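Student: Dropping the structure in here first, questions after.
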Amino acid sequence: MTEEVAAIAVNGVQKRYGKLTVLRDVTLEVAPGEIFTLLGANGAGKSTLIKLLTTLAQPDGGSIRVQGCDPVTQGGRVRRVIGLNAQAETLDDTVSGRANLRLVATLLGLADPQQAIAAVAKRLDLDAFLDRRVATYSGGMRRRLDLAMSLLGNPAVLFLDEPTTGVDPQNRLALWALIRELRDGGTTIFLTTQYLDEADALADRIAFMREGRIVKVGTPAQIKQAAVPTFALTVAAGQAEAAKAALAEHQLPYQLAGDVFTLAAAVAPQALAVLAPRLVVTGYVPNAVTLESVYLAVTKEAKHAHA
Ligand SMILES: Nc1ncnc2c1ncn2[C@@H]1O[C@H](COP(=O)(O)OP(=O)(O)OP(=O)(O)O)[C@@H](O)[C@H]1O
Ligand SMILES: [Mg+2]
């Protein structure tokens, strides 16, 4: 990266739990004021990487810098400049939201806790329920309070581990707006999500993680550009077998799901030339290249690699 010092720099990081290798040679950089989004299946290693970046676990190899500091040897300094919204929330159910925020404000040693609490409450629209016991909160309210706790210290780097899981569409859009606003104010955001539309809408850059490795990094547009465009083709009922035979005969690669043939756009004209004279082609439509199509392709590569 050519800009100033990276907000996050990860180099060749390894992490094992017993015999299980969870992170393999992870290398990435996040620029200051960037929304960086990590995507990957359950168990890919996303939360583990966040734990290493936020001093909650130690790497077995490689190096990490957060705002220029090493989480292993300068944990205190790292903790002072980050905020963490963990996947497992850390709320005290038995007291009010305000009491939860007060506790964090005390831990952070904030000069004016009351003012800081009022500011995050306004920002996340918590006032209607802030003085109720957390045990009475809905899932979305809990998520918002948990997010407020991670924002109290005005962190330079904010880690959000699946922040919109279980949040209703309206509040999800409000959270997206908040995340963008934080980014525009200079905060660096490191986000994980299971929602590809969320990554597409929010991320300045995306990384796909698979089995502890980063397998693709780029802007949403770059990632979509790298995808091979495809066509969907259908033939009349009862003609699928004949179509398969004709495509195979002319060595035109295809995938068949239900009764829909998917072909690379590059070979689609040839396929049409082969099929149209003999069969009734009932549909011939370009597939939109979405992040999801790339994500699924990357996942498929993995399966083949292991076969
Ligand atoms: N403390 C631990 N001890 C042993 N294994 C662990 C520990 N924490 C995580 N793992 C394992 O490491 C792997 C990666 O877990 P991690 O929580 O990082 O995945 P993730 O990508 O965040 O998944 P999800 O999308 O489900 O949140 C999993 O196989 C998990 O079982
Ligand atoms: Mg996780």
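Student: Could you tell me which of the pairs 19/224; 46/216; 51/122; 51/224 are separated by over 25 angstrom between their Cα atoms in the structure shown?
Tutor: With Cα atoms farther than 25 Å apart: 19/224; 51/122; 51/224.
Student: Quote the FRET efficiency, to the nearest 0.05, computed for residue 297 versus residue 14 with a Förster distance R0 of 22 Å and r equal to the Cβ-Cβ distance.
Tutor: 0.25
Student: Report, by chain and number, residues whose modeled amide H sits under 5 Å from the one on residue 83, excluding near sequence neighbours (fewer than 5 apart, same chain).
Tutor: Amide H to amide H, under 5 Å and 5 or more residues apart or across chains, residue 83 pairs with 157, 158, 159.
Student: Calculate the FRET efficiency for residue 215 and residue 125 from the Cβ-Cβ distance with a Förster distance of 35 Å, rounded to the nearest 0.05.
Tutor: The formula returns an efficiency of 0.40 here.
Student: Still on this structure: Which FRET efficiency value, to the nearest 0.05, do you get for residue 176 and residue 107 by plugging their Cβ-Cβ distance into 1/(1 + (r/R0)^6) with R0 = 22 Å?
Tutor: Numbers: r = 28 Å, r/R0 = 1.28.
Computed FRET efficiency for residue 176 and residue 107: 0.20.
Student: Ratio of Rg to Rh for the chain, alpha carbon only, Kirkwood?
Tutor: Expressed as Rg/Rh, it is 1.09.
Student: Let me ask something additional. Step through the residues of the range 252-258 one at a time and calculate ³J(HN,Hα) from phi using the Karplus curve (6.51 cos²θ - 1.76 cosθ + 1.60, θ = phi - 60°), rounding each to whole Hz and writing x for Gly and Pro.
Tutor: In residue order, the calculated couplings are 9, x, 8, 10, 10, 10, x Hz.
Read-outs throughout are calculated quantities, based only on the coordinates presented, and are distinct from any laboratory measurement. This is a predicted model, so every value here is computed, not measured. Note that we place each Cβ from the backbone using ideal geometry, even for glycine, and neighbour counts take in every protein chain shown.
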